[in-house]
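A.B. asks: I'd like to ask you about the structure that follows.
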Amino acid sequence: ESALSPGAAILINLTDNFAFHFSASRSFRAPTLNELYRGFRVGNVVTTANEALRAEKAANFEGGASLKKGNFALRTTAFLTEIDGAISNVTSSSTPSLITRQRQNAGKTRTAGLEIDAETRIGSFELNTGYLLSDSVVNEFPSNPALVGKRIPQVPLQQLTFQTRYPIHGWI
């Protein structure tokens, strides 16, 4: 299997303190050796490998703006990523004593969101806070249509971060 990962980006500086940015790209993730050839068992769940897996392919789009005023900076970015052929563990059989799953190219997912980042300096302290909204859902899942429209597990809908930095001069 071969793949091409083109990308393009543009930055428009309207002033020294205000800019817009836009980008679009295609990318891929080849299946790992574990996904292709190594099965495993955890408790009563057996997951088998799948030599027929294909690469996941993603289309990525984002755009945003940045503003700087004195020692304050604000950045925002909206984004959309659609993955075709997402690799997932699909249950093929289930009994009270054994659940059998196989890795499969399960369908399509979509992640849309917004990231906001603010930064300022107070004396020598650098303060940063960030917010991420990431809505990840299943768009298509032929082997289990009941999952279409559901959120993707282990992808938090919202994240909030705080960071403080203080440089200590003279330390290595």
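A.B. asks: Which order do you get for 93, 134 if you rank them by accessible area with a 1.4 Å probe, largest at the top? Provide the component values of the computation, followed by the final result.
C.D. replies: Values: 93 55, 134 15 Å².
Sorted descending by solvent-accessible area, the residues read 93, 134.
A.B. asks: Same structure again: Defining a contact as two alpha carbons under 8 Å apart and six or more residues distant in sequence, what relative contact order in percent does the chain show? Intermediate values should be presented prior to the final figure.
C.D. replies: Numbers: 399 pairs, mean separation 26.7, N = 172.
In percent, rounded to a whole number, it is 16.
A.B. asks: Counting only heavy atoms of protein chains, what accessible area per residue, in Å², does region 17-98 have with a probe of 1.4 Å? Mind showing how you got there, number by number?
C.D. replies: Values: 4980 Å² over 82 residues.
Ligands and nucleic acids excluded, the figure is 61 Å² per residue.
A.B. asks: What lysines sit close enough to residue 108 to cross-link, taking a C-alpha to C-alpha distance under 20 Å and skipping anything fewer than 8 places away on the same chain?
C.D. replies: Qualifying lysines at Cα under 20 Å: 57, 150.
A.B. asks: Same structure, new question: Using a 10 Å cut-off on Cβ atoms, rank the peptides 121-132, 94-105, 47-58, 153-164 from the highest mean neighbour count down. Kindly include the intermediate steps, with their values, before the conclusion.
C.D. replies: Values: 121-132: 13.0, 94-105: 14.5, 47-58: 16.1, 153-164: 9.5.
Ranking the peptides 121-132, 94-105, 47-58, 153-164 by packing returns 47-58, 94-105, 121-132, 153-164.
A.B. asks: Determine ³J(HN,Hα), in whole Hz, for all residues of region 67-84 in sequence, where each value follows from phi through the Karplus function 6.51 cos²θ - 1.76 cosθ + 1.60 and θ = phi - 60°; x replaces Gly and Pro.
C.D. replies: These are the phi-based 3J(HN,Hα) values: 10, 10, 9, x, 9, 10, 9, 10, 10, 10, 9, 9, 9, 9, 10, 10, 10, 10 Hz.
A.B. asks: Next question. Taking amide hydrogens as modeled 1.01 Å from N in the peptide plane, which residues meet the under 5 Å criterion relative to residue 87, leaving out close sequence neighbours?
C.D. replies: For residue 87, the qualifying residues are 106.
A.B. asks: Would you work out what percent of the accessible area of region 2-57, with all protein chains in place, is carbon or sulfur (probe 1.4 Å)? Before the final figure, lay out each step's value.
C.D. replies: Numbers: 2310 of 3970 Å².
So the carbon and sulfur contribution to the accessible surface is 58 percent.
A.B. asks: Compute the separation of the alpha-carbon centres of region 125-172 and region 48-105 and state it in Å as a whole number.
C.D. replies: 13 Å
A.B. asks: Rounded to whole Hz and in sequence order, give me ³J(HN,Hα) for region 23-36 from the Karplus expression 6.51 cos²θ - 1.76 cosθ + 1.60, θ = phi - 60°, writing x for Gly and Pro.
C.D. replies: 8, 8, 7, 10, 8, 8, 9, 6, x, 6, 4, 4, 5, 6
A.B. asks: Counting only other residues whose beta carbon sits under 12 Å from that of residue 32, what net charge do I get with K and R as +1, D and E as -1?
C.D. replies: Working: positive: 29, 38, 103; negative: 35, 56.
With Lys, Arg at +1 and Asp, Glu at -1, the net is +1.
A.B. asks: Let me check I've understood the local charge: for residue 71, count other residues with C-beta under 14 angstrom from its C-beta, Lys and Arg +1, Asp and Glu -1. What total comes out?
C.D. replies: Values: positive: 68, 69, 121, 165; negative: 119, 126.
Residues near residue 71 contribute +2 overall.
A.B. asks: Per-residue accessible area for residue 62 at 1.4 Å probe radius, Å² rounded to 10?
C.D. replies: 80 Å²
A.B. asks: Follow-up question, since we're still on this one. Using θ = phi - 60° and the Karplus relation 6.51 cos²θ - 1.76 cosθ + 1.60, list the HN-Hα couplings for region 141-146 in order, rounded to whole Hz, with x at every Gly or Pro.
C.D. replies: In residue order, the calculated couplings are 8, x, 7, 8, x, 5 Hz.
The values are calculated or read from the model by the stated rules, or taken from the named source; none is laboratory data. None of these values were measured; they are calculated from a predicted model. Note that we place each Cβ from the backbone using ideal geometry, even for glycine, and neighbour counts take in every protein chain shown. Side chains are part of the model used for accessible areas, which takes the heavy atoms of the whole protein and leaves out ligands, DNA and RNA. Shrake-Rupley method; radii C 1.70, N 1.55, O 1.52, S 1.80 Å.
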